[in-house]
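> Structure in structure tokens, see below.
Each value in this text was obtained by applying a stated rule to the coordinates, not by laboratory testing. Not measured: the values here are computed from a predicted model. Ideal geometry is used to build each Cβ from the backbone, glycine not excepted, and the neighbour counts take in all protein chains shown.
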Amino acid sequence: MMKALLFSLGLLLVLASCAPSQIQSEPIETLQPSGIPTTGKKTADWQMFFQAEQAYSFKRYDQAANLYNVARSKNPRSRVHLIATYRLGTIYYTLGQYRKASSEFKYLLEKFPRTDLSFDATYNLAASEFQQRNYEVAYETLARLEPGEIEAQGAARASMIYRLTALAATGIRNYSGAIVAYAAQAQLPIGDGHRSKIQSRIDRLLERIESRTELEKLLAAVSEPTTRAHITERLEGLGGSAVAKGGAPVSEEQESFQSGSAGSTADQSHIGVILPLTGRWAPFGKRALDAILLATKKLKDEHRLAFKVFIQDTGSNPLNAASAVDELVYKKKVFAIIGPISWKESVSVAQRAEKLGVVDMLLTLKEGLSAKGKHLFQNGLVARVQLENLVRYCFERGDFRRFAILSPNDSFGRDMAQQFWTLAENNGGKIVAYETYPPNETDFQGYIRSMVGLDRPELRKPEYEAMKAFEEQENAGRRRKITMTLRPVIDFDAIFVPADPKTAAQIAPSLAYLDVVGVPLLGTSEWNNPLLYSRGGKWVEGALFPGGIQPGTQNTRQARFLEDFEKTYGNAADLLAAQAYEAMELLGQAIARTESYNRTDLAQTLAQLKDMPTVLGNVSFDETRVAQRTLPIFKIESRGRITPQ
């Protein structure tokens, strides 16, 4: 079967065809979008690029590839480099050289992570990996594309993307994942004949799923009506009771609830908690639960607000998350839910919670879910809020305007780099250097050399020749010869390094070794950790990062929380614990102000909270219901002292 599927993928790379007309129809000047640094090369280099374009249009691929390679080598940071790399990927794909195509698209996404070609390059990378039978890599690559992004491409392109996702999932025998993708494809505005073929594929895949549990979870993940009906039929064929919309057996109580509207009444004193209490994420879930229970006790002791907490363990498995919502809503009549923590679990819970009209206070640090429904709130310290505070400090107090970025080439690193880049430019700043490294890298000198112009001395020919002439003059008559090296080009005021403390502590001395000194490192709230100084020593002094919690804080609420948590549980609270504690506090205060027993009224009350004092400062929710707060900026002083700025 997969051999036939491979043959059918021959035309999947049509996403590459959208760029040529735009390139040739616009003046050269408009091909320099913000966000991609340029080298200021002359028009001659662009002329070579357009010669490559001409050869490409006539399908003289060998000639075009040679010209694109020369053009991009002369323009290492420009739009020419970006598009030439994209073209090389499409050429190699067209010629069936899929490994080379993958290499080009990977390189493009690493060097230029936020451009108008990023979406297409991601898809084309997945297609190239699929053609090499790397189905799991293809599936994981496509998972980077958000549903909203996909559907914004239009029905034809979105249909291709969902189809490739389904084929890749089938290749790794993830039949549920394939069905979810096909169902999304079936919901697009496509012809009935096409939709019928898709439904036939779904039905064949359903026959391969024998587990009732997997089918119930699949039912909760799919919204396309025909597919839902066929999943229900499959469940009934396996025996057992009828199935509810969420995938659990229907009870009279659930039927009554489902006949009502979103925001149905519930018990105001019942709060649901969905966290990973077993599995790989268990340590985080348990810490968050401890904080929630501590906040519950405080609300009762100090504010006479009594709540009963109902806990659901996801087992660190996103497939368990949606059914946990049903359990809490239908059986426990909860008024609101806190959690989960991880992104994938949060997606499942958020979708189900919004559908049932129950407030969900999410703790995930990745932004985007709360915008999908009026009952969804994000209380995690998302990257945007952290970086908004950091960038504000850079421009208002640090007087930094030019930045370098050195980030890991993973989803976290790319996301943080993109957001920092956008915020810096929106404030009138500029990114002058950007380098990425593999997530498990331990030697950073090569990346730093590239960042400061030490990797290719031929590009600094006048300076290099002058240095060599001086070196030769100095060595005349010497027995012990001296060797000179170029100085690094430090044309930035600070370096943003979105890495964990251990990695940042390895990067800092590498910078100093290459004489990249006198510029502060900028990090995330994760740097609020003694590990950074214990490993990085004096090389991390001067580093700046947005704070969350800090011993000796001037925030009396935070100081009390830190004291109570350590006294109760025997260990120090961290940022996750503070956020979970804060989530319970905010819900408690909002419930006290909500007169009705309607969940939608609670959502409106929460959304209207302004400058509520909490352990992490005064909190308000923005228009997408993400918690906004002014964070202190911390600095690492001599001997590792961390001080607010």
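> So how many residues does region 542-580 have that are assigned to a helix (DSSP H, G or I) and under 30 Å from Val519 (Cα atoms)? Steps first, answer last, please.
If we filter region 542-580 for residues that are assigned to a helix (DSSP H, G or I), which is where we start, we get 556-569, 575-580.
From the residues that got through so far, the ones that are under 30 Å from Val519 (Cα atoms) too are 575.
Qualifying residue count, region 542-580: 1.
> Still on this model: Search region 575-594 for residues being of a type outside the set (Gly, Ala, Ser) and within 22 Å of the chain's Cα centre (by Cα), and hand back the single one that is farthest from Gln378 (Cα to Cα). Walk me through how you get there before you give the answer.
First, the residues of region 575-594 that are of a type outside the set (Gly, Ala, Ser): 575-576, 579, 581-582, 584-587, 589, 591, 593-594.
Pick out the ones that are also within 22 Å of the chain's Cα centre (by Cα) and you get 575-576, 579.
Working: Leu575: 15, Leu576: 13, Gln579: 10 Å.
Going through the qualifying residues, I end up with Leu575.
> Being of a type in the set (Lys, Arg) and under 30 Å from Glu441 (Cα atoms): is that true of Arg593 here?
Here the answer is no, as Arg593 does not meet what is asked.
> Could I ask something else about it? Can you name every residue in region 405-440 that is among the charged types (D, E, K, R) and either buried (at least 20 other Cβ atoms within 10 Å of the Cβ) or under 19 Å from Thr524 (Cα atoms) (or both)?
Within region 405-440, Asp410, Arg414, Asp415, Glu425, Glu435 qualify.
> Among the residues of region 210-220, write down those that are in contact with a Leu (Cβ under 8 Å, 6 or more places away or on another chain) and surrounded by 18 or more Cβ atoms within 10 Å (Cβ to Cβ).
Across region 210-220, the qualifying residues are Leu215, Glu216, Lys217, Leu219.
> State all residues of region 132-160 that are over 21 Å from Arg173 (Cα atoms), without any contact (Cβ under 8 Å) to a residue 12 or more places away in the chain and not in a loop (DSSP other than H, G, I, E, B); if no residue qualifies, say none.
The answer is Gly148, Ala156.
> Let me ask another. From the list Glu582, Glu566, Glu595, Glu637, exactly one residue is on the phi < 0 side of the Ramachandran plot, touching a Leu at 6+ places or on another chain (Cβ under 6 Å) and acidic (Asp, Glu). Which is it?
Result: Glu582 is the single residue among Glu582, Glu566, Glu595, Glu637 that is on the phi < 0 side of the Ramachandran plot, touching a Leu at 6+ places or on another chain (Cβ under 6 Å) and acidic (Asp, Glu).
> Restricting attention to region 101-116, report how many residues are surrounded by fewer than 24 Cβ atoms within 10 Å (Cβ to Cβ) and not in a loop (DSSP other than H, G, I, E, B).
Adding up the residues that qualify gives 6.
> List the strands (runs of 3 or more DSSP E) that sit entirely inside region 359-419 and contain at least 1 residues that are among the polar types (S, T, N, Q).
On the way: elements: 359-362, 376-378, 402-408.
Per the criteria, 376-378, 402-408.
> Also: What's the number of the condition Val452 fails, among (1) under 26 Å from the mean Cα position of the chain (by Cα); (2) surrounded by 14 or more Cβ atoms within 10 Å (Cβ to Cβ)?
Going through the list (1) under 26 Å from the mean Cα position of the chain (by Cα); (2) surrounded by 14 or more Cβ atoms within 10 Å (Cβ to Cβ), Val452 breaks only (1).
> Something else about it: Across region 119-132, what is the number of residues that are surrounded by fewer than 24 Cβ atoms within 10 Å (Cβ to Cβ) and under 17 Å from Arg72 (Cβ atoms)?
Final tally of qualifying residues: 0.
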